[in-house]
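Below is one structure, written out as structure tokens; comments come after it.
Values in this text are rule-based calculations from the coordinates and carry no lab data. Every value quoted in this text rests on a predicted model; they were computed, and no experiment measured them. No Cβ is skipped: glycine too gets one built from the backbone with ideal geometry, and neighbour counts run over all protein chains shown.
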Amino acid sequence: MSFLPFSKPTIDEATIAEVGNVLRSGWITSGPKVAEFEQQLSDYFGGRPVRTFNSGTCTMEIALRIAGIGPGDEVITTPISWVATANVILEVGATPVFADIDPVTRNIDLDKLEAAINSRTRAIIPVYLAGKPVDMDRLYAIAAKYRLRVIEDAAQAIGASWQGKPIGSFGDFVSFSFQANKNITTSEGGCLVLNDEDEVRLAEKYRLQGVTRSGWDGIEVDVLGGKFNMTDIAAAIGLGQFAQLDAITARRRQLAQHYFECFGTDFEAQSGAKLPPQDFTNTNWHLFQLELPARMSRANFMAQMKERDIGIGYHYAPIHLFKLYRERGFHEGMFPIAERVGRQIVSLPMFYAMNEADVERVVRAVRELLG
Ligand SMILES: *Cc1c(COP(=O)(O)O)cnc(C)c1O
């Protein structure tokens, strides 16, 4: 049987042809395709301003800079995310503060987030793990109550929604990633939804060396920016992918539903494993994650699935236990739920081009190993 990866992008022939057109056009860096992609994204996010970048990491760093967050400021986030989420806080010189996760949603526990707020807290970075939003009403009620900025790490959440509204179409800063494994990709890239034209001007400066136009013939540099622009090659991939977003989200929801059907109602009680919450309206099913029972080590499970030609992902090791963070005073025992989930979590194969038989094959293998 052929190897089933945990994730795989689907790039259609029309998109490949468009990338060829860009390559032949003589203009291969940021240009008309980037502008078109930003316009389409803005339309999708209800007309809010959007700018694209070369990653979904720099988007968050830039949002923190626009918000004026730096040394002496605390930013609260979850320990269960890709390390990028906390690294950007260090990158701007601020102090990361973690709050433990909810064992069911595996997202930041909003009660614990609220308890971690103090007079130095300036912002919160919620993460929508697997494309499942947190309680957005509660999140923004907390932000309003304590006057905090929100930088939504919606890297995994394009196509997800809250009460019928797409994630990104409301709220404060919303950051998306188009990295290769995400639901839609530009190979590498990201976008940031902003609030107003002042923020757009700053985002454009931080994106390109702090350069701004000044006078009739000159340029001026008045802030320290970096080199974060998206190319037209990437934007051409993004436009082709974005056209398929609704189909991709719908298909992922079908596949998730099929996983639940195949596992059946007795799986959790029989195996001791924990399935994700069943949600087919908000979640975009970026990942289908299983928390393994304590008796099964993640490494052993992953190795045995590999022997069966099935790829398993790991999202994520708790950030606070990485050396860089331990050196900043974090240690084991601080966030027990994140530590347990971080030890036992696995991501089963989930991608657009998978079929029902693939899901059935994965569930058979999982049942064999946990039976
Ligand atoms: C992918 C991802 C990022 C980083 O995005 P890049 O585009 O790879 O920089 C950040 N946070 C989460 C939760 C992610 O899944």
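Listing V341, V88, V223 from fewest to most neighbouring C-beta atoms within 10 Å gives V223, V341, V88. For helix 136-145, report the angle its Cα long axis makes with the longest principal axis of the Cα atoms of the chain; keep it between 0 and 90° and round to the nearest 10°. Relative to the chain, helix 136-145 is tipped by roughly 50 degrees. Considering only P166, S119, Q289, the residue lying farthest towards the positive end of the dipole of the chain is Q289, judged by Cα position with unit charges set on Cβ.
Got the relative contact order for the chain handy, in percent, Cα pairs under 8 Å and 6 or more residues apart?
Values: 750 pairs, mean separation 86.3, N = 371.
Once normalised by length, the contact order is 23 percent.
Counting only Cβ charges, +1 for Lys and Arg and -1 for Asp and Glu, the dipole size of the stretch 1-126 around its Cα centre is about 260 debye.
Rounded, prolate or oblate, given the Cα gyration tensor of the stretch 109-237, with a/c below 1.5 counting as rounded? Oblate. Place +1 on the Cβ of every Lys and Arg and -1 on the Cβ of every Asp and Glu in the chain, take the dipole about the Cα centre, and give the residue among S25, V211, G371 whose Cα lies farthest towards its positive end. After comparing all options, I get G371. Does the stretch 245-370 classify as rounded, prolate or oblate by the C-alpha gyration tensor (a ≥ b ≥ c root eigenvalues; a/c under 1.5 gives rounded; else a/b over b/c gives prolate, otherwise oblate)? Prolate.
The charge dipole of the chain, taken about the Cα centre with unit charges on the Cβ atoms of Lys, Arg (+1) and Asp, Glu (-1), comes to about 680 debye, rounded to the nearest 20. Post the alpha-carbon centroid distance, the stretch 293-371 to the stretch 190-206, in whole angstrom. Between the Cα centre of the stretch 293-371 and that of the stretch 190-206, the gap is 36 Å.
Helix 298-307 and the longest principal axis of the C-alpha atoms of the chain enclose an angle of approximately 80°. Note on the stretch 1-68 and the stretch 264-283: Cα centroid distance 33 Å, given to the nearest whole angstrom. Exceedance of the 21 Å cut-off in Cα-Cα distance is limited, within the set K8/K306; K33/K132; K132/K274; K132/K165; K165/K227; K132/K182, to K33/K132; K165/K227. For the stretch 89-137, state which trypsin sites (Lys or Arg not before Pro) are in a DSSP loop and have at most 16 other beta carbons lying within 10 Å of their beta carbon. Sparse-neighbourhood loop trypsin sites (Lys or Arg not before Pro): R120.
Which FRET efficiency value, to the nearest 0.05, do you get for Q270 and L90 by plugging their Cβ-Cβ distance into 1/(1 + (r/R0)^6) with R0 = 56 Å? So, using R0 = 56 Å, E works out to roughly 0.85.
Working from label points 7 Å from Cα in the Cα-to-Cβ sense, the I28 to M1 distance is 4.1 nm.
In this rough spin-label picture, where each label sits 7 Å from Cα along the Cβ direction, the R138-N195 distance is 2.4 nm. Taking label points 7 Å from Cα along the Cα-to-Cβ direction, E204 and E114 give a separation of 4.1 nm. Karplus-based coupling profile of the stretch 127-135, in residue order and whole Hz: 10, 9, 4, 6, x, 9, x, 6, 5, with θ = phi - 60° in 6.51 cos²θ - 1.76 cosθ + 1.60 and x standing for Gly or Pro. Taking the Cα centre of the stretch 150-279 as origin and assigning +1 to Lys and Arg Cβ atoms and -1 to Asp and Glu Cβ atoms, the resulting dipole is close to 400 debye.
Its DSSP H runs of at least 4 residues, each contributing -39,500 (n - 2.57), put the calculated 222 nm mean residue ellipticity of the chain at -11500 deg cm²/dmol, to the nearest 500.
Could you state the angle between the C-alpha long axis of helix 13-25 and the longest principal axis of the C-alpha atoms of the chain, as a value from 0 to 90 degrees rounded to the nearest 10? Long axis of 13-25 versus the principal axis of the chain: about 30 degrees. Sorting I219, I108, I319, I233 by the number of Cβ atoms found within 10 Å of their own Cβ, with the fewest placed first, yields I219, I233, I319, I108.
Neighbour counts of other C-beta atoms within 10 Å: give me I101, I310 arranged from fewest to most.
Final ranking by Cβ density, sparse to dense: I310, I101.
Annotation note: GluC sites (Glu not before Pro) in the stretch 267-362 located in DSSP loop regions with a Cβ neighbour count of at most 10 within 10 Å are E327.
Along the axis of the charge dipole computed for the chain (Cβ charges of +1 for Lys and Arg, -1 for Asp and Glu, origin at the Cα centre), the listed residues A141, S55, W82 are led at the positive end by W82. With the cut-off at 1.5 for a/c, could you classify the stretch 190-241 from its C-alpha gyration tensor as rounded, prolate or oblate? Judged from the Cα gyration tensor, the stretch 190-241 comes out prolate (a/c at least 1.5, a/b above b/c).
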